[in-house]
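Some notes on the structure that comes next.
The values are calculated or read from the model by the stated rules, or taken from the named source; none is laboratory data. All figures in this text were calculated on a predicted structure; none of them were measured in a lab. A quick note on method: Cβ atoms are made from the backbone with ideal geometry, for glycine too, and the neighbour counts reach across all protein chains shown. Please note that ligands, DNA and RNA were not included when accessible areas were found on the heavy atoms of the full protein model with its side chains. Shrake-Rupley method; radii C 1.70, N 1.55, O 1.52, S 1.80 Å.
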Amino acid sequence: MVKEHLRRSFIKRRLFMSQEDIQKRSFYISMRLREIISHLKPKAILGFWPIKKEPQLWSFFQELNKEGIKLLLPAVAKGGLLLFEFRGILKRGPFGTLEPEGLIAKEPSDLELAIVPGICFDLRGYRLGYGGGYYDRFLKLVRAPKIGVCFDEELIQELEYDSWDERVDMVITEKRTSGGLTC
């Protein structure tokens with residue numbers, strides 16, 4: 001299957017990246033996000049805890065939270081993702097992710113911006129994830145603008161997609177932006 005081959009290939013490449021390179025490139029992604037957030041002025045955003053050397057935006061999310069923007073994080077639950085407000089403490093969840101402790105449940109309608117990781121994205125906004133469909137089922141419920149984040153070589157021309165795959169409105173890398181939002 002093409003998707004599985006792409007997953008393995010992109011994850012393998014990413015695992016060879018140095019921590020220094022990831023930090024530097026993640027900083028540039030966060031600067032691009034900061035510019036968009038300054039225009040949109042969301043009161044609540046979807047963030048994520050990075051796994052498998054995804055862009056390291058956790059300190060950026062914490063900064064936004066300290067500035068008064070509610071940080072909502074996904075938690076893996078039976079059959080999908082649930083949304084919880086970050087209140088300062090994280091606990092280990094399935095798949096090596098960290099999730100908010102205290103579990104103050106929120107609804108997708110509470111989001112004003114969703115920032116979404118992926119293994120790779122295409123120029124149309126299609127996302128390749130880890131294969132469980134968790135984000136696709138969740139993003140179907142999100143009406144807020146959706147921004148995918150990845151490293152530049154992970155933004156490709158075109159991905160194979162299925163009817164259940166959800167697109168993001170924009171993809172941001174450390175070097176470029178694809179798609180657009182109405183700010």
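Taking the stated definitions as given, is Lys106 over 22 Å from Glu4 (Cβ atoms), among the basic types (Lys, Arg) and open to solvent by less than 70 Å² (accessible area, probe 1.4 Å)?
Values: over 22 Å from Glu4 (Cβ atoms): yes; among the basic types (Lys, Arg): yes; open to solvent by less than 70 Å² (accessible area, probe 1.4 Å): yes.
Yes: the conditions hold for Lys106.
Could you list, ordered by first residue, the pairs with Cβ atoms under 9 Å in which the first is in the stretch 134-150 and under 14 Å from Thr177 (Cβ atoms) and the second is open to solvent by less than 20 Å² (accessible area, probe 1.4 Å) and of a type in the set (D, E, K, R), at least 6 apart or interchain?
Val149/Glu54; Cys150/Glu54
Given (1) surrounded by fewer than 15 Cβ atoms within 10 Å (Cβ to Cβ); (2) modelled with pLDDT under 95; (3) of a type outside the set (Ser, Thr, Tyr); (4) not in a helix (DSSP H, G or I), identify the lone condition not met by Phe95.
Status for Phe95: all satisfied but (4).
Given the options Arg25, Arg8, Arg13, name the one that is part of a helix (DSSP H, G or I), touching a residue at least 60 places away in the same chain (Cβ under 8 Å), open to solvent by 60 Å² or more (accessible area, probe 1.4 Å) and among the charged types (D, E, K, R).
Values: Arg25 fails: open to solvent by 60 Å² or more (accessible area, probe 1.4 Å); Arg8 fails: touching a residue at least 60 places away in the same chain (Cβ under 8 Å).
Of Arg25, Arg8, Arg13, the one residue that is part of a helix (DSSP H, G or I), touching a residue at least 60 places away in the same chain (Cβ under 8 Å), open to solvent by 60 Å² or more (accessible area, probe 1.4 Å) and among the charged types (D, E, K, R) is Arg13.
Going by the structure shown, is Glu85 among the acidic types (Asp, Glu), closer than 23 Å to Ala144 by Cβ and surrounded by 18 or more Cβ atoms within 10 Å (Cβ to Cβ)? Before you say what the answer is, go through the steps one by one.
On the way: among the acidic types (Asp, Glu): yes; closer than 23 Å to Ala144 by Cβ: yes; surrounded by 18 or more Cβ atoms within 10 Å (Cβ to Cβ): no.
When the stated conditions are applied, Glu85 does not pass them.
Quick check: is even one residue across the stretch 157-164 within 19 Å of Leu33 (Cβ to Cβ) and surrounded by 14 or more Cβ atoms within 10 Å (Cβ to Cβ)? Before the answer, list the steps.
Our first condition is that a residue be within 19 Å of Leu33 (Cβ to Cβ); within the stretch 157-164, this holds for none.
No, the stretch 157-164 has no match at all.
Can you say whether Leu181 is touching a residue at least 40 places away in the same chain (Cβ under 8 Å) and closer than 18 Å to Phe61 by Cα, as far as the supplied structure shows?
no
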